[in-house]
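FYI, it's all coordinate maths here, none of it is from the lab. Treat the numbers as computed from the prediction; the structure is a model and nothing was measured. Because the Cβ atoms are built from the backbone with ideal geometry, glycine has one as well, and the counts that use them run over all protein chains shown.
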Number of protein chains: 2
Amino acid sequence: MSVKGLGELERSIMDILWAQNTPLTAREVGRLIEERDLAPTTVMTVLDRLTRKGFLDRTRDGRAWRYQPAESRDNYVAELMLEALDMTGDRSAALTRFAQAVSGPEAEILLRALSELEEE
Amino acid sequence: MSVKGLGELERSIMDILWAQNTPLTAREVGRLIEERDLAPTTVMTVLDRLTRKGFLDRTRDGRAWRYQPAESRDNYVAELMLEALDMTGDRSAALTRFAQAVSGPEAEILLRALSELEEE
DNA sequence: ATCCCAGCTCGACAGCCTGTAGTACTACGC
DNA sequence: GCGTAGTACTACAGGCTGTCGAGCTGGGAT
């Protein structure tokens with residue numbers, strides 16, 4: 001699954017679906033994006049594209065499709081981070097920089113997660 | 001400095017400049033991308049765009065410009081990673097995922113960098 | 001049977017970004 | 001003065017995203 005950037009609308013829609021724990025239909029998604037006054041087909045098109053890109057899975061529900069994220073947002077974010085990391089020639093330097101850049105409490109979280117890994 | 005994605009050629013050029021410790025002129029950069037047979041103006045255009053996007057700084061050298069990265073590659077990568085992290089609602093979950101995803105030796109590096117931070 | 005409607009699928013088009021380059025202007029060395 | 005390196009400006013095609021409209025289809029209401 002190549003992690004590529006998403007457009008703004010695509011991301012809004014992913015956010016909606018990530019926030020949900022049930023698969024939604026296009027109509028339902030559209031209702032949740034009310035701020036923007038989008039044509040129903042717009043939403044459908046984007047859902048379709050996201051599916052083709054592998055970000056969503058869909059299953060039939062009568063005539064309608066129900067969409068749900070193929071992956072959790074956390075996984076997606078972690079993949080993005082790894083992909084960024086891949087871009088460098090010197091991974092350890094980048095990791096070190098990254099470590100320096102995360103703020104205190106988050107450094108804690110990272111440390112704890114890493115420590116747990118060690119123990120296994 | 002908004003961290004945006006770079007195109008392929010843009011990235012190649014950044015890679016060249018990141019690999020160098022001296023600012024280069026467009027001509028010099030062009031010579032280093034020989035694999036591709038690019039017109040000199042192509043290189044100049046891209047250098048110009050990268051400068052406007054804030055990825056490069058340039059200073060005069062006679063009539064020519066000398067370009068150099070505004071930021072180290074490691075910083076750039078770290079920023080990309082942080083930006084990815086910003087995209088999530090639950091940063092700690094994403095961080096935990098990330099920690100689980102980095103491979104052993106790299107987890108070591110991270111751990112060490114983080115520990116050093118703690119000590120200060 | 002028919003007609004309407006929800007939903008879908010396809011196709012379109014504009015705007016922005018990137019790759020790629022040509023043209024035209026401008027100093028500096030000879 | 002002229003040629004040349006180097007710049008700045010302009011351009012254009014292709015891909016991606018936002019945004020829809022048109023047209024097809026299956027079921028339920030009449």
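Laid out as a table, the results:
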| item | result |
| --- | --- |
| Within 10 Å of each Cβ in B:99-109, the average number of Cβ atoms from other chains | 6 |
| Label-to-label distance, nm, for residues given as A:Thr51 and B:Arg11 (7 Å Cα→Cβ offset) | 2.9 |
| Inter-label distance, nm, simple model (7 Å from Cα along the C-beta direction), A:Thr22/A:Leu117 | 3.7 |
| Simple label model, 7 Å out from Cα along Cβ direction - B:Arg63 to A:Arg31, nm | 6.8 |
| Value of relative contact order over segment B:36-97, rounded to a whole percent, pairs C-alpha under 8 Å and six or more apart | 17 |
| Cα gyration tensor shape for the protein assembly as shown, rounded if a/c is under 1.5, else prolate or oblate | oblate |
| Per-residue mean of C-beta atoms belonging to partner chains within 10 Å, peptide B:8-18 | 1 |
| 5 angstrom amide H check on A:Trp65, placed H, neighbours 5+ away | A:Ala26 |
